[in-house]
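Student: One structure coming up, written as structure tokens, with questions to follow.
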Amino acid sequence: MATMRLQKALAQAGVASRRAAEALIAAGRVSVDGQIVRELGTKVDPRRQVIAVDGQIIQTEDQVHYALHKPSGVVSTVRDPQGRPTVRQLLRSVPQRIYPVGRLDADTTGLLLLTNDGELANRLMHPRYEVKKEYIATVRGSVSDSALERLAAGIELDDGPTAPARVRRLGKSAGATRVSIEIHEGRNRQVRRMFAAVGHPVIALHRVRIGPIRLGHLPPGAYRPLTPDEIRKLYQLVGL
Ligand code: URA
């Protein structure tokens, strides 16, 4: 475990020179794991602790970015009060403090991104950047063209109308239809509520793409680091 003096960690992260970092600490502007620290010699482990200056978290470790194929029954949080398995447990061998970018319902499967770059994660989730997410929904019944048109145009939900979506029928089987739906909003259970609103409850929901990142053939429960090209595209997408 690499512990170091707080002022060194700040300097290494490019926040300020060692001397200027000492002044920030003495002024009570630096916190470690949420607690203001004024003691200059304080030892920290920048890989495991959250260091902030004026409440802004600083990047003290290498940035990492992963794509995970979330299986059903696993929650998209780092910890679950009900003790259900979490996505963090699937990436047990990743030492960094990584967070999921947004959430999938416990019973939704497919692509979830995890990163330790908080700014990237926030922007990917922020409605302003309109990051497109594509899902394959298996829904009950035979979905008509007019239902598809309503979904595409935007429909009224409890929390307001949905933005236009791209929808495409992929196929039908006994009593069910498979539909690709691309949305850029991320409201709670949005896709499920949209289909329920047109009379076709979702049987299974699977996310296959977030912006330029595709799930591809990653098996359920497996994860992979994003490629340099994917990382570049993600940052570009949200203006970083
Ligand atoms: N929409 C939903 O309804 N559920 C998800 O998990 C993601 C999008």
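Student: Given the residues 88, 103, which is the only one that is among the basic types (Lys, Arg), surrounded by 16 or more Cβ atoms within 10 Å (Cβ to Cβ) and either within 12 Å of the ligand (Cβ to nearest atom) or not in a helix (DSSP H, G or I) (or both)? Write out each step before concluding.
Tutor: Details: 88 fails: either within 12 Å of the ligand (Cβ to nearest atom) or not in a helix (DSSP H, G or I) (or both).
Just a single option satisfies the conditions, and that option is 103.
Student: Another question about this same structure. Hey, can you tell me all the residues within region 153-169 that are over 24 Å from the mean Cα position of the chain (by Cα) and either assigned to a strand (DSSP E or B) or of a type in the set (S, T, N, Q) (or both)?
Tutor: Hits for region 153-169 are 156, 168, 169.
Quick grid of which residues meet (1) modelled with pLDDT under 95; (2) more than 15 Å from the ligand (Cβ to nearest atom); (3) of a type in the set (Phe, Trp, Tyr); (4) closer than 30 Å to residue 58 by Cα:
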position: 128; (1), (2), (3), (4): yes, yes, no, yes
position: 131; (1), (2), (3), (4): no, no, no, yes
position: 141; (1), (2), (3), (4): no, yes, no, no
position: 151; (1), (2), (3), (4): no, no, no, no
position: 178; (1), (2), (3), (4): no, yes, no, no
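Student: Here is a list: 207, 193, 189. Which entry is within 16 Å of the ligand (Cβ to nearest atom), under 30 Å from residue 233 (Cα atoms), charged (D, E, K, R) and touching a Lys or Arg at 6+ places or on another chain (Cβ under 9 Å)?
Tutor: None of the other options fit; the residue is 207.
Student: Within the set of pairs 6+ apart or on separate chains, which have a first residue in region 190-201 that is closer than 13 Å to residue 143 by Cβ, a second that is of a type in the set (A, V, I, L, M, F, W, C) and within 8 Å of the ligand (Cβ to nearest atom), and C-beta atoms under 7 Å apart?
Tutor: 195/202
Student: Would you check if there is a residue in region 107-115 being among the charged types (D, E, K, R) and either within 16 Å of the ligand (Cβ to nearest atom) or part of a strand (DSSP E or B) (or both)?
Tutor: Yes; the residues of region 107-115 include at least one that is among the charged types (D, E, K, R) and either within 16 Å of the ligand (Cβ to nearest atom) or part of a strand (DSSP E or B) (or both).
Student: May I pose another question? Among (1) more than 19 Å from residue 192 (Cβ to Cβ); (2) within 12 Å of the ligand (Cβ to nearest atom), where does residue 165 come up short?
Tutor: (1)
Student: Going through 138, 177 one at a time, which residue ends up being crowded, with 20+ Cβ neighbours inside 10 Å, in a strand (DSSP E or B) and not aromatic (Phe, Trp, Tyr)?
Tutor: So the residue among 138, 177 that is crowded, with 20+ Cβ neighbours inside 10 Å, in a strand (DSSP E or B) and not aromatic (Phe, Trp, Tyr) is 177.
Student: To continue, here is another question. Spot the failing condition for residue 224; the list is (1) outside any helix (DSSP H, G or I); (2) of a type outside the set (Val, Ile, Thr); (3) surrounded by 15 or more Cβ atoms within 10 Å (Cβ to Cβ), and only one is missed.
Tutor: Every condition holds for residue 224 apart from (3).
Student: If you don't mind, there's one more thing I want to ask. Test residue 51 against the stated conditions and say whether it is crowded, with 18+ Cβ neighbours inside 10 Å and closer than 26 Å to residue 225 by Cα.
Tutor: Here the answer is yes, as residue 51 does meet what is asked.
Student: While we're looking at this one, here's another question. Return the residues of region 143-174 that are exposed (fewer than 13 other Cβ atoms within 10 Å of the Cβ) and either of a type in the set (Ser, Thr, Tyr) or touching a Phe, Trp or Tyr at 6+ places or on another chain (Cβ under 8 Å) (or both); say none if nothing qualifies.
Tutor: Passing the criteria: 146, 173.
The values are calculated or read from the model by the stated rules, or taken from the named source; none is laboratory data. Because the structure is a prediction, the values reported are computed rather than measured. Neighbour counts run over all protein chains shown; Cβ positions are idealised from the backbone, glycine included.
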